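Have a look at the structure below before the remarks.
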Amino acid sequence: MRIPIEKFITPDRKDSIKRTWYKFSSNPLSIIGLISVLIVTLSAIFAPVLAPYPESWGRWVDFSQACQPPSWKHPFGTDIYGRDILSRIMFGFRYDLLMAICILAMVVPTGTFLGLIAGYYRGTWIDTVIMRITDIFLAIPSIVLALAICALLKPSLFNSMMAVSLLWWPWYSRLAYSIASSLRNEYFVLAAELIGAHPLYIIFSEILPNCLAPIFTKMTLDVGWVILIGATLSFVGLGAQEPTPALGTMVSVGAKYMPDYWWMTIFPALAIAFTILGFNLLGDGIRDALAIEEI
Amino acid sequence: MSENLLEVKDLYVNYKIYEGILKVLNGVNLTVKKKEKVGLIGESGCGKTTTMKAIMRILPDNALIPNGNIFYKGRDILKMSDDEIQKIRRENISMIFQDPTAALNPVLTVGAQLMDVIKYSTDEELTKREIRELAIKALKDVALPDPERILKNYPIMLSGGMRQRICIAMALISAKELLIADEPGTNLDVTIQDQILRLIGRLVEERGISVILISHALGAVKGLVDKVYVMYAGDIVEMAPTEKLFSDPIHPYTQALFKTVPKLTGGGIPEAIKGRIPDYINPPKGCRFAPRCIHAMPICMKEKPPLKNIEDEREVACFLYE
Amino acid sequence: MNNDEIIQVKDLKKYFKTSLGIVRAVDGISFTIREGETFGLVGESGSGKSTTAFTIMGVYEPTDGEIYFKGSPLPKSVKKRPLSLRKEMQMVFQDPGSSLNPRKRIGQIIELPLRVHRLHVGRERERVKELLEMVGLPVDFINRYPGAIGGGEKQLVAIARALASEPSFIALDEPTSALDVSMQAKIINTLLRIQKELNLTYLFITHNLSLMRNVASRVGIMYLGKMFEVAETSEFFHKPLHPYTKMLLSAIPVITEEEEKIKPKRVISRGEIPSPVNVPSGCYFHPRCIDCMEICKKEDPPMVEVSTGHFVKCHLYT
């Protein structure tokens, strides 16, 4: 970048964080979302310590405990190999969250960067090239593309992650594009151009900070959706493979034993729903809290 | 008094925000008689719109009303049930907002929105044709050419002046007794603003309804209303018949405000009133204008001056006139 | 060309292609702005006065015509103008809310021009404080976000930013139309004081004629992309010639008796400014004009100089 803009002001973020928290916490649903997400995250991180039967996560068999219905000993019951479902769900959070984080780490910067560039150069060939490629990716039904890739390669967690990433970035590029191209008309962008600031400075220092709130919100909401897609792929047998305790795989395997051993499917499915709901409520709360208000 | 259509009595409104409690309205008193045209003027941020929103009962969720009454034909609006206030909003009082674009739904045609308003503004069962005819008549009343075509248009296809007229047409359907006009046409040009204000003036005259007009355009207020309330930082500081107020303002704030209006006769613009509108979290203890007032006396810092009748139809809240 | 002419606009045209047809936003206007003066441009919205300012600033590339800055032709687009030229010309916009990046501190906003043009290197922060003081804002605003200050204060920050690059010419596009009268007085007085101190030249755009009376040294009035009348301010208000000028002047709401006296006899304004896609034949104003003659419907009148420095474009005066 041509113009080094050091922040010469010591940022006083404390007050703005407090204000954001005040707005966030005034909506009880946001708090519920935050608590759910914390439960999921903490049980994922500390699964080896917290899980009542940590050995249940992998290839482990205890037929004496097989197919136990929910009880005090096994709150969510056990599966056909006698593994504790609650423990497996906690490990399942690990895989699903890890997958979501990896996917978003690939998807968000790529999509945002391309969208910002296209949005700033709206109406030029740069815009056309980037956005038409985006459109092509959006035009392919996502699940079909993911299935095709997973079927082509060996079904595994990594391959399913690659597949989901490939079909997810266009959403971020669309989002960044729509914000950037509308901000392009704001007077503060025009003022920076009249002053003579470099386009890269304008894109990253004037436009990007205004995109962060909606992108962050979408990221939070997307954690749920990425988990859902991952679960779908696992369910049809193209994602993580048994005995990896991915939630989708557990639902899929357990479904064979419905309705007699209902707990094998219902509890992992509820765990997926709980995670998605939590992230959605959290995302909504963050969106409202980060909205700029004039006083 | 039975002839009072609307009576706001000692109204306080606070907003709860992160930093604390904004004490915006500080005991507002305001009366509107039947068929009376009332103006409300003052700097932005002095609580004019808040007062109107309180009357319409459309304050945001974080607003609190610790004290005060709003009597509409003798009944307190603040104590009405939701159904009652909605009926009043549908049939008696209506408000025109500052921004005509934001007040119209961009995805529905003008006709659909207008006919909805007509349908719900009366208890009678109207046929579709009757509703349509009323809609066309409403558009004709606000001097819109070719109403048949406009009914089919989306708001974006119309100019700002036309949209503002549509908002007026809608408001007038529900305003059988009182119309609140919050800076109509402020964002439009002088000629269009002039047309809009004259239109409102003519329509309220014809229909014999009362109107509260809020505007920054002091000249426009002067040409339209019978009496004017001057508001500063949540207080009514002066009330007088229009002619008297403009020829002889007596509150120091009104005097200072009138001075800052650019004159067509030229001669530059006098220096603005020093300082800014007070911090509503910790407002000045006494008269809220005292810190900016050139006549401020010790008592002004301690006590709030009451709104006092000093002569016929003329009230002022200032210790200079004790 | 006189040396004191800082901006010269010659037969400037700016057309926009839209789905409805070609919009002639600015349609062949010429005027000059002299050094140290305030040239006022008035007209209803859609008259092309803002487009004129944006075209001079290079935000829009003119369709045709020339703009000279201090005698030399300006590159059409701001992107092709060297930094030294961008430094000389600045702009203040209509909407203070959108003029400042809500995610940046006031200090960072005013500092940008200093960084870009390498002015006051090493003491940028002190310079920002000086600029804040110059526009009459408290120095502690430096750490605030735009969301925490009022609309008028935002506009003063925008003015400070425009001043930061030490320009000689500033285009002011309706700088006070979104504000109330008391804030307007503060901003206008600040602008006029700074103009005197720094010998700045202003292009001042507003639809508020009373304000124009007190700000501009010369006034031009625009209608549908054409300039209808140009005159010294006092002449413009005391001896308006064009029927459109008279109509606008008579519509101004005023609050005192003295003002009422100098207003022309009330000409009831009728109709709205026509769509710029579908302009009337002949003189664009004829459908709304009370003095409309046969020739007005057919021929566009030429601009004539009626008395020294007073130009008018109307068949009544040819």
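Some points to look at:
- Surface/4 of the Cα convex hull for the protein assembly as shown, nm²: 46.3
- Each Lys or Arg adds one and each Asp or Glu takes one away; over the other residues whose Cβ falls under 15 Å from the Cβ of B:LYS302, this sums to +1.
- Cleavage-rule hits, trypsin sites (Lys or Arg not before Pro), segment C:75-137, DSSP coil, Cβ neighbours within 10 Å at most 12: C:ARG118, C:ARG123
- Sparsely packed GluC sites (Glu not before Pro) within segment B:254-314, loop by DSSP, other Cβ within 10 Å at most 15: B:GLU271, B:GLU303, B:GLU313
- Anchor B:LYS152: lysines whose Cα lies under 21 Å away (excluding residues fewer than 8 positions away in-chain): B:LYS119, B:LYS128, B:LYS137, B:LYS140
- Look at the dipole of chain C built from charges on Cβ: of C:VAL254, C:MET293, C:GLY151, the Cα furthest out on the positive end belongs to C:GLY151.
- Beta bridges from DSSP with both residues in segment C:5-317: antiparallel share about 65 percent, rounded to the nearest 5.
- Take each residue in B:243-253, count the other chain C-beta atoms within 10 Å of its C-beta, and the mean is 1.
- Cα centroid of segment A:234-259 to Cα centroid of segment B:72-127, whole Å: 55
- Ranking A:MET106, A:ILE149, A:VAL49 by how far each Cα lies toward the positive end of the dipole of segment A:1-155 (charges on Cβ) leaves A:MET106 at the top.
- For residues of B:40-48, the mean tally of beta carbons on other chains within 10 Å: 3
- For segment C:174-310, alpha-carbon Rg and Dmax in angstrom: 16.6, 51
- Chain C: proportion of alpha-carbon pairs further apart than 30 angstrom, %: 36
- The length gained by stretching the chain between B:SER247 and B:ILE58 to full extension, at 0.36 nm per residue less their Cα-Cα distance, is 64.5 nm.
- Sequentially through segment C:187-201, phi angles give Karplus couplings (6.51, -1.76, 1.60; θ = phi - 60°) of 5, 4, 5, 4, 4, 5, 5, 5, 4, 5, 4, 10, 6, 8, 10 Hz, Gly and Pro residues having no value and appearing as x.
- Using θ = phi - 60° and Karplus 6.51 cos²θ - 1.76 cosθ + 1.60, couplings along segment A:33-50 (whole Hz; Gly, Pro as x): x, 4, 5, 4, 5, 5, 4, 4, 5, 5, 5, 5, 5, 9, 3, x, 8, 7
- Using the average count of surrounding beta-carbon atoms within 10 Å as a protection proxy, the listed peptides B:204-211, C:55-62 rank, highest first, as C:55-62, B:204-211.
- Amide H contacts of B:ILE180 (H built 1.01 Å from N, in plane; Pro and chain starts excluded): B:SER94, B:MET95, B:ILE96, B:ILE212 sit under 5 Å, all sequence-distant by 5 or more or on other chains.
- By the beta-carbon count within 10 Å of each Cβ, the least crowded to most crowded order of C:CYS314, B:CYS287, A:CYS67, fewest first, is A:CYS67, C:CYS314, B:CYS287.
- Simple spin-label estimate for C:ASP64 and A:THR124 in nanometres, 7 Å along Cα-Cβ: 2.9
- Charge dipole of segment C:127-189 (Cα centre as origin; +1 on each Lys and Arg Cβ, -1 on each Asp and Glu Cβ, all else neutral): 160 debye, rounded to the nearest 20.
- Beyond 31 Å in Cα-Cα separation lie the following of the pairs C:LYS17/C:LYS80; B:LYS259/B:LYS285; B:LYS274/C:LYS49; A:LYS154/A:LYS256; C:LYS196/C:LYS265: B:LYS274/C:LYS49; C:LYS196/C:LYS265.
- Within 10 Å of each Cβ in C:185-197, the average number of Cβ atoms from other chains: 3
- Likely footprinting exposure, B:ILE65, A:ILE203, B:ILE212, fewest C-beta neighbours within 10 Å first: B:ILE65, A:ILE203, B:ILE212
- Segment B:20-90: proportion of alpha-carbon pairs further apart than 15 angstrom, %: 60
- If R0 is taken as 30 Å, the Cβ-Cβ distance between A:ASP135 and B:ALA112 corresponds to a FRET efficiency of 0.40.
- In order through segment B:58-64: 3J(HN,Hα) via Karplus (6.51 cos²θ - 1.76 cosθ + 1.60), integer Hz, x for Gly, Pro: 10, 5, x, 4, 8, 8, 10
- Convex hull volume of chain B per residue (C-alpha atoms, cubic angstrom): 150
- Ratio of Rg to Rh over segment A:28-290 (Cα coordinates, Kirkwood Rh, two decimals): 1.08
- Taking the DSSP beta bridges with both ends in the protein assembly as shown, the antiparallel portion is around 65 percent.
- Here the residues B:MET56, B:MET162, ranked from fewest to most Cβ neighbours within 10 Å of their Cβ, fall in the order B:MET56, B:MET162.
- Cut-off of 10 Å, at most 13 other beta carbons, DSSP loop: longest stretch of chain A lacking such trypsin sites (Lys or Arg not before Pro): A:74-255
- Legend: residue pairs C:LYS87/C:LYS226; B:LYS37/C:LYS263; B:LYS23/B:LYS227; B:LYS9/B:LYS35, Cα-Cα distance threshold 23 Å; pairs beyond threshold, C:LYS87/C:LYS226; B:LYS37/C:LYS263; B:LYS23/B:LYS227.
- Selection from A:ALA139, B:SER210, C:SER275 lying farthest towards where the dipole of the protein assembly as shown points positive, charges on Cβ: A:ALA139
- When both segment C:77-123 and segment A:182-215 are represented by their alpha-carbon centers, they are found 12 Å apart.
- Taking every Cα-Cα distance in segment A:208-262 and sorting them into 5 Å bins starting at zero, the pair-distance distribution P(r) comes out as 5, 19, 19, 15, 13, 9, 8, 6, 4, 2, 1 percent.
- Across segment B:104-174 the C-alpha pair distances fall into 5 Å bins from zero in the proportions 3, 19, 33, 26, 13, 4, 1 percent.
- Distance between the modelled labels on C:GLU197 and B:ASP279, one decimal in nanometres: 2.7 nm (7 Å Cα→Cβ projection).
- All other residues whose Cβ lies under 13 angstrom from that of B:GLU84 are scored, Lys and Arg at +1 and Asp and Glu at -1, for a net of +3.
The numbers here are math on the coordinates, done by the rules we state, and not lab data. Note that the structure is predicted; figures quoted are calculated from it, not measured. With ideal geometry, Cβ positions are generated from the backbone for all residues, glycine too; neighbour counts draw on all protein chains shown.
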